[in-house]
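Colleague: Before anything else, here's the structure in question.
What follows draws every value from the coordinates through simple rules; no lab data is involved. All of these numbers come straight from a predicted model, not from anything done at the bench. Methodologically, a virtual Cβ is constructed for each residue, glycine included, from the backbone with ideal geometry; neighbour enumeration extends over all protein chains shown.
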Amino acid sequence: MIGISKLYCGTVEPSDALRYGRKSSELPSHLLQFSKDKRPVVVWNITRRCNLKCIHCYAQAKDQVFDNELTTDEGKNLIDDLSQYKVPVLLLSGGEPTIRKDLPELAAYAIEKGMRAVISTNGTLITQEMARVLKDIGLSYVGISLDGMEKIHDRFRGVKGAYRAALEGIKNCQKSRIYLTFLKIWIFQGHVFITLSMPAAGQNSWKKI
């Protein structure tokens, strides 16, 4: 499988794998597919709770407390197991991962254990303070998805104002210089337009296919 950022933005060159080596522990996240040891990237849905009502939700998430989720200590035990298996990247998702108050603690613990920690979020709850905390603990990047322009995005996400709140979260990440990826796809007059973010500087790469 070829990552879409590689295909359309030319962000990976064949020489990159040679430059960085082939061990997953030494490779940047976007080059892990070239590693020799092929350790898995693990996605942990740390909660089913979510503040939105996305029509495409695969987790059957709701804005309520679920009593069968791992505690902070149980989560750290899981991270210990993943570390022993030498998992290179732990992606924290949900539900909405930023709802969990211990998200920074869990991410920091994963980093302490030698993993890269990343989060996949709707972006609506990332305040300036949260962005600073995530930056300080060494989060590798934040991934935020946009489903279209405001009207379309809000319809997909089931909550009016979700688009503007996500943009505010993106801005807060950029202000804290967090490596940020976000994907926007929409169709106009038969053309598919894809927007892929660049690192924290806030510049975007626009492609039409």
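Colleague: About the Cα centre of region 39-184, how large is the charge dipole given +1 on each Lys and Arg Cβ and -1 on each Asp and Glu Cβ? Please answer in debye to the nearest 20.
Modeller: 640
Colleague: Can you tell me which of 109-122, 139-152, 68-81 comes out highest on packing, and rank the rest after it, using the mean Cβ neighbours within 10 Å?
Modeller: Taking the mean over residues of other Cβ atoms within 10 Å, the ranking is 109-122, 139-152, 68-81.
Colleague: Turning to a different aspect of this structure: Can you tell me what share of the DSSP beta bridges in region 39-184 is antiparallel? A percent to the nearest 5 is fine.
Modeller: That works out to approximately 0 percent antiparallel.
Colleague: A follow-up question, please. Report P(r) for region 89-168: all Cα-Cα distances, bin width 5 Å, range 0 to the bin holding the largest distance, values in whole percent.
Modeller: Whole-percent P(r) values from 0 Å outward: 3, 16, 25, 23, 14, 10, 6, 2, 0.
Colleague: What are the semi-axes of the equivalent ellipsoid of region 38-147, taken as the square roots of 5 times the eigenvalues of the Cα gyration tensor, listed largest first and rounded to whole Å?
Modeller: The equivalent ellipsoid of region 38-147 has semi-axes of 22, 16, 14 Å.
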